[in-house]
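Following: one structure in structure tokens, then a few remarks.
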Amino acid sequence: MEYAIILLILACVFGLFMAWGIGANDVANAMGTSVGSGAITIKQAVIIAAVFEFAGAFLAGGQVTKTIRKGIIDADLLSGTPELLVYGMLAALLAAGIWLLVASRLGWPVSTTHTIVGAIVGFAAVGIGMDAVHWGKVGSIVMSWVISPALAGTISYWLFRSVQGLILNTDTPFDNAKKYVPFYIFLTGFIIALVTMFKGLKHIGLETTIIQNYGMAFIIGLIIMFIGKSYINKLKIDPEADRDFHFANVEKVFAVLMVFTACAMAFAHGSNDVANAIGPVAAVVSIVQSGGEITQKSALPIWILLLGGVGIVAGLLMYGRRVMETIGKNITELTPSRGFAATLAAATTVVLASGTGLPISTTHTLVGAVLGVGMARGIGALNLNVVRTIFLSWIITLPAGAIMAILFFFTLKGMFGG
Amino acid sequence: MARTTISSLFGNSPVKPLQAHMASVQECVVELVPFFEAVLENDWKSAKAQQKKISKLENAADKLKRDLRMQLPRSLFMPVSRRDLLEVLTMQDKIANKGKDIAGLIIGRKIEFPEAVSDKLIDFVQRAIAASAQAQTAINELDELVETGFGGREVKLVQSMIKELDAIESDTDKIEVKVRTALFKIEDDLPPVQVMFLYRVIDWIGELADLSQRVGSRLELLLAR
């Protein structure tokens, strides 16, 4: 290929830009419930997000990246003209990056995931041909966008109901919180570790059996549980704090739990959303490196995952902090016991999707999880207008991403020659 | 910075404003005690000042009521029904209105209380105010109710508070009967118009407790699913 180096650099720059955008905006949404519940400070949220977003992207980001990279488009059709796939992926990245920039300026609740999927489907269907799109796969991705908020809502509803039954609605809520919260901490560690073990670790050269997976996840869950327990045991009842609000001390126990679920959320977000930025980069890199061949089997180079992780953390550090501040101020009604139920439900759903290779919207999943807690009569007031704007953003984002990707695709094709 | 999806999902909870409104209502009606003390001592100057204070506090409660109504759009998803919540608010507000009306009527007509009535009057007013104080105690449990998802122990606690409120209200009823009986015995010796308005004031003080009880029963409706 003639312009291999230029195309490669372009892909990396666009990918880094996308990852930066995800770190700046999306991460703040994912961490918002944790910051808003007052369980962690903004500084702690930034540190947790930086570490666990990166870990999630690096350890468990492979599957979704694979889907974005070669699950949506039937690359066999392009074996004669690999450059079309390169232009298309570059166009998709550029379209998604610009659309997200515009939309977040205007305050529209668009999703990175929806934009990139819309862009890829758009350039493939129009630029290459309707046959080039794996419509079955696209169908299942779209289905997962509806199912993921519903699933997260169901999980959070039952999680919160269990908290009510085991802790809040008992005669000794504080003692029961000390007794049962460690189990929730275990659950958090176990689920995240299990999904990661099953799906994530192949690309860093770890092959494990099913029993090993369960065993490791169990041990990791236990270790995390004991760390949490030691913190909970240090808590002391402050009778003064219970005067205005009788559950102030109970919520302190949940605040410990919230730290762990915040880590899980950051990890889950990293594992799913990093693919939006680096999936297309990976596609371009594999074509360029193999000298113009479309190799469906090529493994994902680790440095690309690193690139995505670095981009997200950079965006978070430079810009995400401020977004978190605004979110934290707006979510003061969310107590740690609710925040934990919503966050853990969302994190579980997202990690499951990551393991299955489905690119979903973390923000929309979290919205579903919060509504689930609301269904259990746990939140003072929720604004249902958001649900409507989410539907609207689905309808607007997909064509917007597609149209822009098509434009950029033909522009690039004209510039570099097809 | 535009609001993000997650932060715009959370509306303003009506719980704290509702509690603030009840606190403001209670602040208004407790002023009736010094007001009646001044009236019974025939100290019309300080009674007048006290009446102005009550009227001012009632206005403050009114403003809180309007603010809360404005921030409860239909799109809000709450753990309680919006209609029941607004009815609690209306009932709370009626307590302050009644307090203001009582003071206004007494000042406007310079109503003097015969001795046979006056010695029971302060007790009567205080008991009625105890009812609204009890209503406030119950309303103050609303945030704990949301915390527990309106279940279990907390619901029982609030129900016992409402029971206590009912007991206080029936207590005021008994005192009201005594005050009326005392007035009935001497009514022939008094100018008929004055007697008419004395009965009205007694009526209204009784209504004060009645309205507080209704705040309690509206709250009970909130608890039910």
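Odds and ends about this structure:
- Ranked for footprinting exposure by Cβ neighbours inside 10 Å, fewest first, A:363, A:348 give A:348, A:363.
- Listed pairs B:98/B:178; A:252/B:98; A:137/A:329; A:43/B:63; A:252/B:63; B:16/B:100 exceeding 31 Å between Cα atoms: A:252/B:98; A:137/A:329; A:43/B:63; A:252/B:63
- Packing-based exposure ordering (other Cβ within 10 Å, fewest first) of B:107, A:210: A:210, B:107
- Exposed loop sites were defined as GluC sites (Glu not before Pro) in DSSP loop states (anything but H, G, I, E or B) carrying at most 15 other C-beta atoms within 10 Å; in chain B the longest segment without such a site runs B:113-225.
- Part-to-part distance (alpha-carbon centres) for the range A:329-380 and the range A:100-125, which is given in Å: 22
- Neighbourhood charge, 13 Å Cβ-Cβ cut-off, centred on residue A:270 and excluding it, Lys, Arg +1 and Asp, Glu -1: -3
- Long-range Cα-Cα pairs in the range B:93-154 (distance over 15 Å), rounded percent: 68
- Exercise: per-residue mean of other protein chain Cβ atoms within 10 Å, A:152-165: 1
- Kirkwood hydrodynamic radius over Cα pairs of the range A:284-418, then Stokes diffusion coefficient at 4 °C and 1.567 mPa s, in µm²/s: 68
- Centre separation in Å (Cα based) which lies between the range A:49-67 and the range A:213-281: 19
- Peptide ranges A:396-409, B:118-131 listed from the most packed, as the mean C-beta count within 10 angstrom indicates: A:396-409, B:118-131
- As a ratio to 2.2 N^0.38 Å, the alpha-carbon radius of gyration for chain A is 1.00.
- Net charge over other residues, Cβ less than 13 angstrom from the Cβ of residue A:309 (K, R count +1; D, E count -1): -2
- The range B:1-78 versus the range B:186-205: alpha-carbon centroid distance in Å: 31
- Look at the stretch B:139-148: the mean tally of other chain Cβ atoms within 10 Å of its residues' Cβ atoms is 5.
- Comparing A:13, A:310, A:46 in a Gaussian network model of chain A where C-alpha atoms under 10 Å apart are linked, the largest mean-square fluctuation is found at A:13.
- Exposure proxy for A:161, A:69, A:105: other Cβ atoms within 10 Å of each Cβ, ordered fewest to most, give A:105, A:161, A:69.
- With helices as the sole contributors, the protein assembly as shown gives -26000 deg cm²/dmol at 222 nm; each DSSP H run of n ≥ 4 counts as -39500 (n - 2.57), and the sum is divided by every residue.
Every read-out reported here was derived from the displayed coordinates using simple, explicitly stated rules and does not represent laboratory data. Note that this is a predicted model, so its numbers are computed, not measured. Cβ atoms come from the backbone with ideal geometry, glycine included; neighbour counts cover every protein chain shown.
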